[in-house]
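Inspection log for the structure reproduced underneath, given as structure tokens.
The values are calculated or read from the model by the stated rules, or taken from the named source; none is laboratory data. Remember, it's a predicted structure, so these values are computed and weren't measured experimentally. Cβ placement follows ideal geometry from the backbone for every residue including glycine, while neighbour counts extend to all protein chains displayed. SASA here: full protein model, heavy atoms, side chains in, ligands and nucleic acids out. Shrake-Rupley method; radii C 1.70, N 1.55, O 1.52, S 1.80 Å.
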Amino acid sequence: DQIIDYTHSRKGTFFEGSEMPVTHVDFTQPYARALRQRLIAAAAACNEPVFDGAVYACTQGPRLETAAEVERIAREGGDVVGMTGMPEAVLAREAGLEYAAIAVVINHAAGRGDSLQAIKLEELGDVMHQSIVRAVRILNSFFENAP
């Protein structure tokens, strides 16, 4: 339900240049609350367990984070770390589009759990595939139960 942006050098606005003067948007709630609730209900309808609420920390990538970066992100309130989500969330807001995210966890972050010493990259593909199947199941339920 929240996001912290650790990215840099990404185009983060549609409002640049003389043709598009700077325009501020309220980003207090980066994800559309009603859309989030519908996704959560869709997950429940297809018996997919989800957490309702987390802080997504978006990092630059493509490299994975160091253990020290993961520790800093946790201290700053991040619950899930990934490389996508920004600037998409703010661009959707600028465009007037409702936006929400389903974040899937494919590994423990660096220095955590079974990634204490290293992230087992060779195992990520299988977990990613399983996570995509689950996310698609939720999205199918979402569209089947659309108002």
Take the residues in the stretch 46-64 that are closer than 17 Å to F142 by Cβ and of a type in the set (D, E, K, R); name whichever of them is surrounded by the most Cβ atoms within 10 Å (Cβ to Cβ). E48
Would you mind stating whether A103 is buried (at least 16 other Cβ atoms within 10 Å of the Cβ) and touching a Phe, Trp or Tyr at 6+ places or on another chain (Cβ under 7 Å)? yes
Does A118 satisfy being out of contact with any Gly (no Cβ under 9 Å at 6 or more places or on another chain), open to solvent by less than 80 Å² (accessible area, probe 1.4 Å), closer than 19 Å to P62 by Cα and aliphatic (A, V, I, L, M)? yes
Give the residue, chosen from A32, A43, A67, that is out of contact with any Cys (no Cβ under 9 Å at 6 or more places or on another chain), open to solvent by less than 60 Å² (accessible area, probe 1.4 Å), of a type in the set (A, V, I, L, M) and at pLDDT below 95. A67
Are any residues in the stretch 124-147 modelled with pLDDT of 95 or more, surrounded by 15 or more Cβ atoms within 10 Å (Cβ to Cβ) and polar (S, T, N, Q), and if so, which ones? S141
From T23, T59, T66, T28, which residue is at negative phi and touching a strand residue (DSSP E or B) at 6+ places or on another chain (Cβ under 8 Å)? T59
Which listed residue is touching a Lys or Arg at 6+ places or on another chain (Cβ under 7 Å) and within 23 Å of T7 (Cα to Cα), from P62, P87: P87
Taking the stretch 83-92, which residues are open to solvent by less than 70 Å² (accessible area, probe 1.4 Å) and at pLDDT 95 or above? M86, P87, A89, V90, L91, A92
So T13 ticks every box in (1) out of contact with any Pro (no Cβ under 8 Å at 6 or more places or on another chain); (2) open to solvent by less than 80 Å² (accessible area, probe 1.4 Å); (3) in a loop (DSSP other than H, G, I, E, B) but one. Which box is left unticked? (1)
